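The values are calculated or read from the model by the stated rules, or taken from the named source; none is laboratory data. Given the structure is predicted, the values throughout are model-derived calculations rather than measurements. Positions of Cβ are backbone-derived with ideal geometry, glycine not excepted, and every protein chain shown enters the neighbour counts. We work out accessible area using only protein heavy atoms, side chains counted, and drop any ligands, DNA or RNA first. Shrake-Rupley method; radii C 1.70, N 1.55, O 1.52, S 1.80 Å.
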Amino acid sequence: MKRSLSGIKPTNIPHLGNHLGMILPAISLQADHDVFYFVADYHALTTVRDAEKMRDWSRQIAAYFLAFGLDPQRAVFFRQSDIPEVTELAWMLSCVVNMGMLERAHAWKAAKDRGNEGAEVHGLFAYPVLMAADILIYDSDVVPVGKDQVQHVEMTRDMAERFNQTFGETFKIPAAKVREEVEVVPGLDGRKMSKSYDNTIILMDKPKQLRKRLGLIVTDSTPLEDPKNPDTCNVFALYKLFATKAQADELAEKYRAGNFGYGHAKLALAERIEEAVGEARERYYELVARPDDIEDVLAAGAVKARAKAREVLNRARANVGFRAG
Ligand code: ADP
Ligand code: TRP
């Protein structure tokens, strides 16, 4: 069976972009893949500066995956920082990757554009190296991620190839897996949904709060009675992500007929969302109330992940001429 591996940083509760772009696609792969998923807390440490938040957000991410159906009996589900082997492999990869490639990483370029280069932490610059280690250390085949992470997976392939050429066959070459229809989920303002733009929709918000947030979706000022164009509307773009084809066609008709306002469309969107996530939200809150159970799941996952990580790390150690441990 092919192995699917992915991680997500505990930098807040997941938003709809994370949900559709990464979390659901990753979970659905458990049906026919051997899956390894983790809470990327080493990566979060580049920005999270509060231990309590690191702990809470890590458990929230874990609860989220479990609430939406990740089966811990089948999946290997763990915390990245429980696998210290990955930081050793990151060092080995650091010794084959050149600075030029890392300088081309989007996140680093963005930091430079902000004029912040000198003040940035080294972890941000080295971020793609640790991510490559995450992927390569489990002999992963596919990496389900949103589009913005594809560059990192390309870099991972590059590092693996360089290492294999230099030291002999060591790593499997992985590939990113992006779901086209949710490549870039739009936020409240129509730009890519992202924590950094404060335009997120959080499905785990209580329904009332969530409806309030949906009220903030930016729309144009076409009067209520006029016909409207669904194809240029942010509300409709989001609606389509939760609706069947028939439901989407029906809403499009109402837009075009007029006498249907954006407020109505937002209510319809809220309904679809509740149908899709209402039960999972209840499970989520039950789980976050039992942090010890979450810890047990992650600890059991770490034991399995670590065994595999050790095996691949030993292979790499032997190939570069270290004692194979
Ligand atoms: P953010 O941009 O809010 O900081 P992250 O960078 O932590 O989100 O993303 C975590 C995962 O979710 C990644 O796999 C990323 O590609 C995916 N993702 C984030 N935002 C979106 C979006 N708007 N559409 C699709 N996928 C997304
Ligand atoms: N960089 C990813 C993000 O920001 C998180 C991540 C860390 C990851 N290691 C990974 C994703 C390995 C896939 C595979 O969302």
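With respect to the conditions (1) open to solvent by 30 Å² or more (accessible area, probe 1.4 Å); (2) within 14 Å of ligand 2 (Cβ to nearest atom), VAL76 falls short on a single one, namely (1). Evaluate the following for LYS228: is it crowded, with 16+ Cβ neighbours inside 10 Å and touching a residue at least 40 places away in the same chain (Cβ under 8 Å)? So LYS228 fails the test. Go through ALA318, ALA309, ALA243 for me and flag whichever is over 23 Å from the mean Cα position of the chain (by Cα) and modelled with pLDDT of 95 or more. Just a single option satisfies the conditions, and that option is ALA318. Looking across the stretch 109-129, the residues that are within 28 Å of LYS304 (Cα to Cα), within 16 Å of ligand 1 (Cβ to nearest atom) and surrounded by fewer than 23 Cβ atoms within 10 Å (Cβ to Cβ) come down to GLY123, TYR127.
The numbered conditions (1) within 30 Å of PHE167 (Cα to Cα); (2) open to solvent by less than 80 Å² (accessible area, probe 1.4 Å); (3) without any contact (Cβ under 8 Å) to a residue 40 or more places away in the chain are all true for ARG272 except (1). Residues that are touching a helix residue (DSSP H, G or I) at 6+ places or on another chain (Cβ under 6 Å), in the same structural domain as VAL303 (by TED's automatic domain parsing) and at pLDDT below 95 do occur in the stretch 119-128. Would you pick out the residues in the stretch 234-261 that are open to solvent by less than 30 Å² (accessible area, probe 1.4 Å) and touching a strand residue (DSSP E or B) at 6+ places or on another chain (Cβ under 9 Å)? Result: LEU238, single match. Evaluation of VAL96 against the conditions (1) surrounded by fewer than 23 Cβ atoms within 10 Å (Cβ to Cβ); (2) within 16 Å of ligand 1 (Cβ to nearest atom) shows that the sole unmet condition is (2). Filtering GLU161, GLU169, GLU180 for residues that are within 17 Å of the chain's Cα centre (by Cα) and surrounded by fewer than 18 Cβ atoms within 10 Å (Cβ to Cβ) leaves a single hit, GLU180. The numbered conditions (1) within 13 Å of the chain's Cα centre (by Cα); (2) of a type outside the set (A, V, I, L, M, F, W, C); (3) open to solvent by 10 Å² or more (accessible area, probe 1.4 Å) are all true for PRO144 except (3). When PRO144 is tested against (1) over 29 Å from ALA309 (Cβ atoms); (2) in contact with a helix residue (DSSP H, G or I) (Cβ under 7 Å, 6 or more places away or on another chain), only condition (1) is not met. Figure legend. Inter-residue proximity from the stretch 279-308: first residues closer than 30 Å to THR87 by Cβ, second residues among the acidic types (Asp, Glu) and open to solvent by 50 Å² or more (accessible area, probe 1.4 Å), beta-carbon distance below 8 Å, spacing 6+ or different chains. Indicated pairs: LEU287/ASP293; LEU298/ASP82; ALA299/ASP82; ALA302/ASP82; ALA305/ASP82; ARG306/ASP82. Among the conditions (1) touching a residue at least 40 places away in the same chain (Cβ under 8 Å); (2) under 30 Å from GLN60 (Cβ atoms), the only one that PHE167 does not satisfy is (2).
Against the conditions (1) surrounded by fewer than 17 Cβ atoms within 10 Å (Cβ to Cβ); (2) in contact with a Phe, Trp or Tyr (Cβ under 7 Å, 6 or more places away or on another chain), MET1 satisfies every one except (2).
Residues that are within 13 Å of ligand 1 (Cβ to nearest atom) and of a type in the set (D, E, K, R) were ranked within the stretch 3-62; the one that is farthest from GLU282 (Cα to Cα) is ASP41. Within the stretch 141-166, the set of residues being more than 9 Å from ligand 1 (Cβ to nearest atom), among the hydrophobic types (A, V, I, L, M, F, W, C) and assigned to a helix (DSSP H, G or I) comprises VAL153, MET155, MET159, ALA160, PHE163.
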